[in-house]
Amino acid sequence: MKWEGHEQSRNVEDRRGMGGGAGMGVPRIGGRGIGLGTIVIAVLAGWIFGINPLTVLGLLSGGGPAEVVSSPQQQRAPAGQPGAAPKDAAAQFVSTVLRDTEVVWGQMFKAGGNAYQEPTLVLFRGETRSACGVGQSAMGPFYCPGDAKVYLDLNFFDTLSRRMGAPGDFAQAYVVAHEVGHHVQNLMGVTGKVDSMRGRISQLEMNRLSVRVELQADCLAGVWAHHSQKGKGWLDAADLQEAMNAAAQIGDDTLQRQSQGRVVPESFTHGSSEQRMTWFKRGLESGSVKQCDTFGAR
């Protein structure tokens, strides 16, 4: 991936030299706590923690993104160093990827008659506070709709490469784009809708919704990659294979097989390896948000 020399985002908040967020409790999304003990795969595998399940996305019938809504602040997180260009290569890389997502989604939202609200990428080590509670490295990258920020401990990329078998810079870009995909879903106004369904449907049904939401974020990551390549031409076939491999390595079935020796489809929250690859590829090939209607698919 030929990323050097491209513009970097100003929406990077570097907290790597700050203390953690002890005493804030477990992560909370939509005002509800999520116990880490119930998210076994997330603890074992990292970045697949993601966000709460969303709802059936009936917003894809129009020509562009639906009405943009703002997420209320739930708790005030500590300020870092927004706008300060990072000096280390790893941080510069994710900053460059973030900037490209801003450009792509900004153009797509504008085409749909809306203004794109750019998320902030928070870099941290160990743990940090967020509007969703304490973010910990063991959770991997995650998006918090409460403050519209993506949280990332860069050490996760070593885990992605060495322990999960998904090396390469575009595999890392895919991770960032997936979390930004959750931000896009949030801006479309669907996060609160599904959160209101909590307690009204069974856990199994919520798991199934979660799978559809995560697959949609994969598809949106593919949509970004499609338009990014058209604009910059900075990817080659090996880069795209890195992303496909990363999608395969973090499928629920692959992770369960590696961690417990058996697969329990009823407990899936992010989708199988085949599903994750399929939906990323669908977004990549089409470049269309309309093609990312995972809720209307079988």
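Residues of the stretch 279-298 that are within 20 Å of G165 (Cβ to Cβ) and either among the aliphatic types (A, V, I, L, M) or surrounded by fewer than 19 Cβ atoms within 10 Å (Cβ to Cβ) (or both): K281 alone. Does the stretch 107-130 contain at least one residue that is closer than 26 Å to T254 by Cα, touching a residue at least 60 places away in the same chain (Cβ under 8 Å) and among the polar types (S, T, N, Q)? No, that holds for no residue. Looking across the stretch 269-287, just one residue is in a loop (DSSP other than H, G, I, E, B) and either at pLDDT 90 or above or basic (K, R) (or both), and that is G287. Starting from residues that are at pLDDT below 85 and not in a helix (DSSP H, G or I), keep the ones in the stretch 195-225 and report whichever is surrounded by the fewest Cβ atoms within 10 Å (Cβ to Cβ). Among residues in the stretch 195-225 that are at pLDDT below 85 and not in a helix (DSSP H, G or I), the one surrounded by the fewest Cβ atoms within 10 Å (Cβ to Cβ) is G199. Is there any pair with a first residue in the stretch 205-218 that is more than 20 Å from A243 (Cβ to Cβ) and free of Cβ contacts under 8 Å to residues at least 40 places away in the same chain and a second that is surrounded by fewer than 23 Cβ atoms within 10 Å (Cβ to Cβ) and of a type in the set (A, V, I, L, M) whose Cβ atoms are under 9 Å apart and which are 6 or more apart or on different chains, and what are they? Taking only residues 6 or more apart or on different chains, the pairs are E205/M197. Can you find a residue that is under 19 Å from the mean Cα position of the chain (by Cα) and either in a loop (DSSP other than H, G, I, E, B) or crowded, with 20+ Cβ neighbours inside 10 Å (or both) anywhere in the stretch 257-267? Among the residues of the stretch 257-267, not one is under 19 Å from the mean Cα position of the chain (by Cα) and either in a loop (DSSP other than H, G, I, E, B) or crowded, with 20+ Cβ neighbours inside 10 Å (or both), which makes the answer no.
Across the stretch 227-244, not a single residue is classified as closer than 22 Å to R298 by Cβ and in a loop (DSSP other than H, G, I, E, B).
Restricting to the stretch 134-155, name every residue that is part of a helix (DSSP H, G or I) and at pLDDT 85 or above. S137, the sole residue that qualifies. Could you check, for the stretch 167-183, whether at least one of its residues is more than 17 Å from E13 (Cβ to Cβ), touching a strand residue (DSSP E or B) at 6+ places or on another chain (Cβ under 6 Å) and crowded, with 19+ Cβ neighbours inside 10 Å? The answer is yes, given that some residue of the stretch 167-183 is more than 17 Å from E13 (Cβ to Cβ), touching a strand residue (DSSP E or B) at 6+ places or on another chain (Cβ under 6 Å) and crowded, with 19+ Cβ neighbours inside 10 Å. Reported count of residues in the stretch 156-165, each being surrounded by fewer than 20 Cβ atoms within 10 Å (Cβ to Cβ) and either assigned to a helix (DSSP H, G or I) or under 15 Å from the mean Cα position of the chain (by Cα) (or both), is 5.
The values are calculated or read from the model by the stated rules, or taken from the named source; none is laboratory data. Since we're looking at a predicted model, the values are computed, not measured. Neighbour counts are summed over all protein chains in view; Cβ atoms, including those assigned to glycine, are modelled from backbone coordinates with ideal geometry.
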